[in-house]
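Written out below as structure tokens is the structure these notes cover.
The values are calculated or read from the model by the stated rules, or taken from the named source; none is laboratory data. None of these values were measured; they are calculated from a predicted model. Cβ: placed from backbone, ideal geometry, glycine included. Neighbour counts: every protein chain shown.
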Amino acid sequence: MAQEYELHIPELRPLVEQLYLAHQGLEQLIGLLCQLKIRVDLPDLNLAQVELCLVGQELILRRSSHQAAGNNPPLPTIIGEDSRIRVAAGLVRSMAEMDEAVLIQGATGSGKSLFARAIHQQGKRSQRPLITVPCGLLNNPDAMARTWDFFHEADNGSLILEDIDDLQTAAQSHLLSLLQQPAACRLISLTRNDPDVLVQQGKFSPLLLEQLRNCHIALPDLASRGSDIERLARYYLRRCCEISGVAEKQLSPEYLDLLALYSWPGNVRELINTLEQSLLCSREQKTLYAKDLPAHIRIQTLHLSAARKKGL
């Protein structure tokens, strides 16, 4: 999850004009704005974890780096009995107490951010800031110049470099030069692609990869994880029900069968989105059925199911 959300003041102008016209006066407008409430509607993030500040013309909402005792976010839960997931979970526990740079590889939606948060929150740096930087932003010259600021913001915590695949040559060189300087934070890098292949293709600096990868954690695609699909579905359905404030629902055998047949190009993230959609479609019923799945999943999986029954 990104750590910072920006709302530019000019984007508020239509709202301000509408409020002004509706309330027929500046005093009423000021009074209304003073009572304006901000709701952050993001999973696993409560208002106690958010701070608000105005910098120039930007109103910035970001995860607070100074959380009160007792308000720490819950430890990420790693679900799965797949042997590769168990190995990855073991590496998380080992690396949590160390300071070495970790590189986590996996397809989009496979859980890289969850594993990165687990390393931070299970270790000795858990009370310090956790900062996430999308590497695509660092290709912008202005953002690139601020890269060292992110290291300072991490302040003895952890700095997650999200999607290092997106770093262009100039940004890679700049980051490599910064890593020659001592930094108090620990680095956790995320990549969608095999970094060794990127190096072979001339798309990534081997020297930078050496700095970022003291430990390599590889996450499998969801479709290859077998019975973990059901485990994850049951776990995240309970969470979706809790967040939505509805009674816990069950998964029908036919629903689970189609989940197992689907290819899951969006991995665990797509599974969670699918459960959220199914929950909305199910309305008052206590069980999710195949009809509650999104149409594209039903079409793909019902075709495969019919072929299997015919022995094709």
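Which of the following residues is in contact with a Gly (Cβ under 9 Å, 6 or more places away or on another chain) and without any contact (Cβ under 8 Å) to a residue 60 or more places away in the chain: A218, A223, A184? Before the answer, list the steps.
On the way: A218 fails: without any contact (Cβ under 8 Å) to a residue 60 or more places away in the chain; A223 fails: in contact with a Gly (Cβ under 9 Å, 6 or more places away or on another chain).
After applying the criteria, what remains is A184.
Results for (1) farther than 17 Å from V246 by Cα; (2) of a type outside the set (K, R); (3) at pLDDT 90 or above, shown as yes or no for each residue.
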site	(1), (2), (3)
I272	no, yes, yes
Q277	no, yes, yes
R283	no, no, no
A295	yes, yes, yes
R298	yes, no, yes
A307	yes, yes, no
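Look at the stretch 196-216 and say how many of its residues are buried (at least 16 other Cβ atoms within 10 Å of the Cβ) and within 15 Å of D166 (Cα to Cα).
The total comes to 7.
Residues of the stretch 98-112 being in a loop (DSSP other than H, G, I, E, B) and either β-branched (V, I, T) or more than 18 Å from L207 (Cα to Cα) (or both), which ones?
Taking the stretch 98-112 as the starting set, the residues that turn out to be in a loop (DSSP other than H, G, I, E, B) are 98-101, 106-111.
The answer is M98, D99, G106, A107, T108, G109, S110, G111.
Checking the conditions here, which among R93, R146, R84 is surrounded by fewer than 18 Cβ atoms within 10 Å (Cβ to Cβ) and either in contact with a Pro (Cβ under 9 Å, 6 or more places away or on another chain) or polar (S, T, N, Q) (or both)?
R84
Results for (1) surrounded by 15 or more Cβ atoms within 10 Å (Cβ to Cβ); (2) within 15 Å of the chain's Cα centre (by Cα); (3) in the same structural domain as L198 (by TED's automatic domain parsing), shown as yes or no for each residue.
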residue: A89; (1), (2), (3): yes, no, yes
residue: G109; (1), (2), (3): yes, yes, yes
residue: K124; (1), (2), (3): no, no, yes
residue: G136; (1), (2), (3): yes, no, yes
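Within the stretch 129-160, how many residues are under 16 Å from Q181 (Cβ atoms) and not in a helix (DSSP H, G or I)?
Within the stretch 129-160, residues that are under 16 Å from Q181 (Cβ atoms) and not in a helix (DSSP H, G or I) number 4.
Looking only at residues that are assigned to a helix (DSSP H, G or I) and among the polar types (S, T, N, Q) in the stretch 209-249, which one is farthest from P265 (Cα to Cα)?
Top of the filtered list is Q211.
Read through the list (1) touching an Asp or Glu at 6+ places or on another chain (Cβ under 8 Å); (2) in a loop (DSSP other than H, G, I, E, B), then give the number of the only condition that P265 fails.
Just one mismatch for P265, condition (1).
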